[in-house]
Amino acid sequence: MSEAVIQIRNLSKIYRDFWGRKKVQALNSLSLDVNKGEIFGLLGPNGSGKTTTMKLLLGLLFPTDGEISILGKSASDVSKNEQIGYLPEESYLYRFLNAEETLDFYGRLFDISPAERRERTNALIERVGLQHARRRQLKEYSKGMTRRIGLAQALINNPDLVLLDEPTSGLDPLGTRDMKDMILKLRDEGKTVVMCSHLLADVQDVCDRIAILFNGELKELGTVDELLTEQDETQLLTSKLDAETIDELKAVLAKHNADVRSVTHPRNSLEDLFLKTVRTSQERPGQRYVPSAGDGDSAGGSPEPPAADAESN
């Protein structure tokens, strides 16, 4: 068994109104472990308790009931936060500072020496792809750029545990892919990552294990493969077959009482198609897709080779 970085036992959180009456039960008897060196996903719709769990881990909220151990310490022990990096759902950064000044400021909070602050600042700005905007004030940043500098800020103290709340919020598909690659790299470096999201594809792509919350309760827990694999069905993937061969295979399977439910070609995700299209366009500027004339059916079209003056496009 891997070492547990986070241990949550029977955690409950009730929000109360001004008179102390129960208003909302955000969490109800939540119990789970997060192991060292894994990417753990908290998945659920809005209002399921994901952000509340994050704030409880950081000690920003106090539980109504239950216990939390994080990095071997109680969640209420603020000294543990020196080993934690946190990217909130909304990055509240100083708008009139630039990227360099922002990272230097947060480095000072962790009492990092000036030389090390400069080294980490340069490395993190390059890591999140903001070299071109390192001296631009954050008020001029787009939402995607703000998420990038927010991630860099979360890593300035070289944390052992990284908590990410909706890390791909506001990012375009290219930015989303970059963010997911950076999260995977954190795991490769031995860090533990906990991310919460309601975007299913993001969690599926990067997480080792996931927990699904609904109305503050744990509904599913396990590895992505365990939870997504349909054990009652078998899928065969072969090279392209002609109709006659497919009929022969169906006959063989029928002898073994197997119900052939569909015969289709494999499908890529829309994200894969989008990224492939962008990369191909970067490699072959000027090439474009020309739909078939007449019926408007683009499926009948074909790529048009780059024009001779493609550089001007």
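Hey, could you check region 45-70 for residues that are of a type in the set (Gly, Ala, Ser) and surrounded by 22 or more Cβ atoms within 10 Å (Cβ to Cβ) and say which is nearest to Asn81 (Cα to Cα)?
Of all residues in region 45-70, those of a type in the set (Gly, Ala, Ser) come to 47-49, 59, 66, 69.
Within this subset, residues satisfying the condition of being surrounded by 22 or more Cβ atoms within 10 Å (Cβ to Cβ) are 48-49.
Numbers: Ser48: 25, Gly49: 21 Å.
Selected residue: Gly49.
Of the residues in region 28-55, how many are out of contact with any His (no Cβ under 9 Å at 6 or more places or on another chain) and either assigned to a strand (DSSP E or B) or closer than 18 Å to Phe214 by Cβ (or both)?
Count: 18.
Scan Glu140, Glu166, Glu220 and give me the residue that is out of contact with any helix residue (DSSP H, G or I) (no Cβ under 7 Å at 6 or more places or on another chain) and surrounded by fewer than 17 Cβ atoms within 10 Å (Cβ to Cβ). Before the answer, list the steps.
Working: Glu166 fails: surrounded by fewer than 17 Cβ atoms within 10 Å (Cβ to Cβ); Glu220 fails: out of contact with any helix residue (DSSP H, G or I) (no Cβ under 7 Å at 6 or more places or on another chain).
Exactly one of Glu140, Glu166, Glu220 is out of contact with any helix residue (DSSP H, G or I) (no Cβ under 7 Å at 6 or more places or on another chain) and surrounded by fewer than 17 Cβ atoms within 10 Å (Cβ to Cβ), namely Glu140.
Kindly indicate whether any position in region 192-207 is surrounded by 15 or more Cβ atoms within 10 Å (Cβ to Cβ), among the small types (Gly, Ala, Ser) and touching a residue at least 40 places away in the same chain (Cβ under 8 Å).
Yes, some residue in region 192-207 is surrounded by 15 or more Cβ atoms within 10 Å (Cβ to Cβ), among the small types (Gly, Ala, Ser) and touching a residue at least 40 places away in the same chain (Cβ under 8 Å).
Checking Phe18 against (1) of a type outside the set (S, T, N, Q); (2) in a loop (DSSP other than H, G, I, E, B); (3) crowded, with 16+ Cβ neighbours inside 10 Å, which single condition isn't satisfied?
Phe18 satisfies every listed condition except (3).
Identify, from the list Thr238, Thr280, Thr234, the residue that is part of a helix (DSSP H, G or I), out of contact with any helix residue (DSSP H, G or I) (no Cβ under 8 Å at 6 or more places or on another chain) and at pLDDT 65 or above.
From the options Thr238, Thr280, Thr234, the qualifying one is Thr280.
Say whether the condition of being of a type in the set (Gly, Ala, Ser) and more than 22 Å from the chain's Cα centre (by Cα) is met by at least one residue in region 135-157.
No: zero hits.
Residue check: is Gly59 among the small types (Gly, Ala, Ser), free of Cβ contacts under 8 Å to residues at least 40 places away in the same chain and over 18 Å from Gly216 (Cβ atoms)?
Spelling it out, Gly59 is indeed among the small types (Gly, Ala, Ser), free of Cβ contacts under 8 Å to residues at least 40 places away in the same chain and over 18 Å from Gly216 (Cβ atoms).
Have a look at Leu124, Leu161, Leu138 and point out the one that is closer than 26 Å to Leu43 by Cα and in contact (Cβ under 8 Å) with a residue 12 or more places away in the chain. Outline the logic, then answer.
Working: Leu124 fails: closer than 26 Å to Leu43 by Cα; Leu138 fails: closer than 26 Å to Leu43 by Cα.
On inspection, the qualifying residue turns out to be Leu161.
Of everything in region 183-212, what is assigned to a loop (DSSP other than H, G, I, E, B) and modelled with pLDDT of 90 or more? Give them in sequence order.
Just the residues of region 183-212 that are assigned to a loop (DSSP other than H, G, I, E, B), to begin with: 189-191, 198-199, 207-208.
Correct list: Glu189, Gly190, Lys191, Cys207, Asp208.
The values are calculated or read from the model by the stated rules, or taken from the named source; none is laboratory data. Computed from a prediction, not measured in an experiment: that's the story for all the values here. Ideal geometry is used to build each Cβ from the backbone, glycine not excepted, and the neighbour counts take in all protein chains shown.
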